[in-house]
1. Equivalent ellipsoid semi-axes for region 54-110, as square roots of 5 times the alpha carbon gyration tensor eigenvalues: give them largest first, rounded to whole Å.
2. Please state, as a whole number in µm²/s, the translational diffusion coefficient that the Stokes-Einstein equation yields for region 21-135 at 10 °C and 1.306 mPa s, with Rh defined as the Kirkwood radius across alpha carbon pairs.
3. Using a 7 Å offset from the Cα along the Cα-to-Cβ direction at both Q176 and V61, what is the distance between the two label points in nm, to one decimal?
4. Chymotrypsin sites (Phe, Trp or Tyr not before Pro), restricted to region 55-121: which are DSSP loop and have at most 11 other Cβ atoms within 10 Å?
5. As an exercise, find the ratio Rg/Rh for region 91-150 from alpha-carbon atoms, using the Kirkwood inverse-distance average for Rh.
6. Dimensions of region 85-197 along principal axes (Cα, Å, largest first)?
7. Amide H to amide H under 5 Å from G60: which residues, 5+ apart in sequence or cross-chain, H placed 1.01 Å off N in plane?
8. Once the dipole of region 1-80 is set up with Lys and Arg at +1 and Asp and Glu at -1 on Cβ about the Cα centre, which of Q71, P45, N32 lies farthest towards its positive end?
Amino acid sequence: CYNLESGETDNTVDAGLVPLASLGDRVWEDSNGDGQQNNGESGIPDATVKLYTCVNNAPGVLVGETTTDAQGNYSFTNLQPGEYIVEFITPNGFERTTANVGADASDSDAGTGGLSGCYELSPGENEDTVDAGFYKPAAIGDRVWSDLDGDGQQDAGEPGVAGVTVELYACDANGQPTGSALASATTDGSGNYSFTGLKPGDYAVKFITPTGYTLTSANVGADGSDSDAGVGGLSGCYNLESGETDNTVDAGLVQLRPGIDIEKTTNGASNSN
Ligand SMILES: [Ca+2]
Ligand SMILES: [Ca+2]
Ligand SMILES: [Ca+2]
Ligand SMILES: [Ca+2]
């Protein structure tokens, strides 16, 4: 209460307002698995996003919860200035991409447990760089077969070869397999193998030729049914996108028949076999 006397003017009665802040804004499918939002990579709708106060770089009080719209966008508005942390719930069928790779405006900020770092919002600030990328696991396969007629193609009646070791490698930027094997598999009774749960990226497969066999000619005819095992049993590099399954990576084996490896024929007319 202000007491005004006769003729008095009191101009000290003021009010300070703080502009509210906002935070967002996108959950997207990282199709190529590089941790960055690239042209053509779409948003993920209906993803759950939670906002907490940030206390000692950890979630404090739950401030709000929302879901992304049809374009994968979300926002928390009317926020008091202060420190906040965001939790991105992994949508069903997806895995988190690697966080904090490259430019922050277009990277993924969902780290361990789907949690972002701590963001300090000043009055009126719109922080729209808090994004999360997810991908669907990819797979590669799927067959080692006995190329009975040696034509390099899987023909009707040519059986699978069981028990063959197949190794998975990552490929480098030059399209060459690099490093040691990421995983190893063995063909089943039908000659099939698969590597599943893969992050999008470039992969090659190495087929270990079993004793008694040699590789058939690679890359002859249609790729869906050819042999991809080249020099050393290595395939070329295959690019797998989010959710992609490539089952065209096969190897044809030709059985070495005991006794055929004779150096000189009995009639002496030919040295071919
Ligand atoms: Ca990307
Ligand atoms: Ca970011
Ligand atoms: Ca064949
Ligand atoms: Ca193939």
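1. On the way: eigenvalues 85, 51, 33 Å².
Calculated on Cα positions only, the semi-axes equal 21, 16, 13 Å.
2. Numbers: Rh = 13.8 Å.
The diffusion coefficient I find is 115 µm²/s.
3. Simple spin-label model gives 5.9 nm for this pair.
4. Values: sites: Y74, F76, Y84, F88, F94, Y119; in loops: F94.
In loop regions of region 55-121 (DSSP not H, G, I, E or B), there are no sparsely surrounded chymotrypsin sites (Phe, Trp or Tyr not before Pro).
5. On the way: Rg = 20.4 Å, Rh = 14.9 Å.
Checking Rg against Rh, the ratio lands at 1.37.
6. Extents along the principal axes, in whole Å: 75, 32, 22.
7. Distant-sequence amide H within range of G60: T53, C54, V55.
8. N32
No value in this document is a laboratory result; all are computed from the given coordinates. Just so it is clear, the model here is predicted, and its values are computed rather than measured. For neighbour counting, all protein chains shown are included, and Cβ atoms are generated from backbone atoms with ideal geometry for every residue, glycine included.
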